[in-house]
Amino acid sequence: TDMLRITPTKITIPGKVWPVNRFGRRRLDKIFGWFLSSADSVKSYDLQEHMGWLLGALQPSAKELRGLQRMKGVEMSVSCLVWPKHQGGGLSLCPDHLEQLSQLGLSCEFGIYMWEILDSAVCDEKKE
């Protein structure tokens, strides 16, 4: 955190036990993790705006990020969680964002969760 001069959204420490979640489960952290989320800072559903915010926050610390990436056991990536309400369309990253991700040595992965599937699972769960 000090090295990057960025305040993370969340940090995980191995062995930390979290309170019971809404599913009645308790989570145990298994890794050291440093997370930065755009969710509370960008009030938009546009992927480009979230990616622009994230890259804008990381870019000033590019040299430090590269130094951390050279350390043994350090892994970094950008994870995008998407909850589309309707099927159709798709996700895209503009060339500028792809170039910035590459310069920062970051891969980008997408987790896509469909509302229709979630809604039916919740309905099925309530029936039991």
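The values are calculated or read from the model by the stated rules, or taken from the named source; none is laboratory data. These numbers were taken from a predicted model, which means no experiment stands behind them. Here the Cβ positions follow ideal geometry from the backbone for every residue, glycine too, while neighbour counts run over all protein chains shown. The protein model used for the area step is the full one, side chains on, heavy atoms only, and it has no ligands, DNA or RNA in it. Shrake-Rupley method; radii C 1.70, N 1.55, O 1.52, S 1.80 Å.
Observations
- Here Asp96 meets the list (1) of a type in the set (D, E, K, R); (2) at pLDDT below 85; (3) open to solvent by less than 90 Å² (accessible area, probe 1.4 Å) almost entirely, failing just condition (2).
- Criterion: modelled with pLDDT of 90 or more and either farther than 17 Å from Leu104 by Cα or part of a strand (DSSP E or B) (or both) - qualifying residue of Val78, Val20: Val78
- Glu49 within 18 Å of the chain's Cα centre (by Cα), in a helix (DSSP H, G or I) and among the charged types (D, E, K, R): yes
- Residues located in region 33-45, provided they are under 15 Å from the mean Cα position of the chain (by Cα) and in a loop (DSSP other than H, G, I, E, B): Leu36, Ser37, Ser38, Ala39, Asp40, Ser41, Val42, Tyr45
- Residue that is surrounded by fewer than 12 Cβ atoms within 10 Å (Cβ to Cβ) and among the charged types (D, E, K, R), where the choices are Asp46, Asp29: Asp46
- Pairs where the first residue, in region 1-20, is farther than 20 Å from Pro60 by Cα and the second is of a type in the set (Asp, Glu), C-beta under 9 Å, 6+ apart: Thr12/Asp29; Ile13/Asp29; Pro14/Asp29; Gly15/Asp29; Lys16/Asp29; Val17/Asp29; Trp18/Asp29
- For region 23-52, filtered to residues that are among the small types (Gly, Ala, Ser) and touching a Lys or Arg at 6+ places or on another chain (Cβ under 9 Å), the residue that is modelled with the lowest pLDDT is Gly33.
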